[in-house]
1. Listed residues Glu18, Glu101, Glu39, Glu43; which is modelled with pLDDT under 95, of a type in the set (Asp, Glu) and over 12 Å from the mean Cα position of the chain (by Cα)?
2. Do we find a residue being over 14 Å from Ile21 (Cβ atoms), in contact (Cβ under 8 Å) with a residue 40 or more places away in the chain and in contact with a strand residue (DSSP E or B) (Cβ under 7 Å, 6 or more places away or on another chain) anywhere in segment 82-92?
3. Restrict the check to segment 93-110 and report whether at least one residue is surrounded by 17 or more Cβ atoms within 10 Å (Cβ to Cβ), part of a strand (DSSP E or B) and not charged (D, E, K, R).
4. With respect to Ile53, determine if the residue is closer than 16 Å to Ser87 by Cα and at pLDDT 95 or above.
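The values are calculated or read from the model by the stated rules, or taken from the named source; none is laboratory data. The model shown is predicted, which means the values in this text are computed figures rather than measured ones. Don't worry about glycine lacking a Cβ; one is built from the backbone with ideal geometry, like all the others, and counts go over all protein chains shown.
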Amino acid sequence: MFSFFPPNREKVKEGKVEPKIGVYICHCGTNIAGKVDVEAVTEFAKTLPAVTIARKYTYMCSDPGQDLIRQDIKEMGVNRVVVASCSPLMHERTYRRVCQESGLNPYLFEMANIREHCSWITE
């Protein structure tokens, strides 16, 4: 049975667990990458405080894309996940499930809709 409480629950309550943020930027084929400089966004994310890893992938929602997130949670100790991709209506559940299956509280996940809010509004 899955528990939303991490094994180091007391440390979390005391604020002793340092955030290790994984940032994942999706190309969404050319839907995003056709307008947004995904490489530049990825490189910028790497400079942000507490970001442990920043990756880009053609379709982050695909099985290989989800596996990148799982791998980083398990191998790099990522304990916060941010995905910049399409609409949360389409894939928020997908990414929350990935976090939960990897032992991370699914509410330590955030999603930025850069397809509709950045790419599709750009002429």
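1. Glu18
2. Taking every residue of segment 82-92 in turn, at least one turns out to be over 14 Å from Ile21 (Cβ atoms), in contact (Cβ under 8 Å) with a residue 40 or more places away in the chain and in contact with a strand residue (DSSP E or B) (Cβ under 7 Å, 6 or more places away or on another chain).
3. So far as segment 93-110 goes, yes, one or more of its residues are surrounded by 17 or more Cβ atoms within 10 Å (Cβ to Cβ), part of a strand (DSSP E or B) and not charged (D, E, K, R).
4. Spelling it out, it is not the case that Ile53 is closer than 16 Å to Ser87 by Cα and at pLDDT 95 or above.
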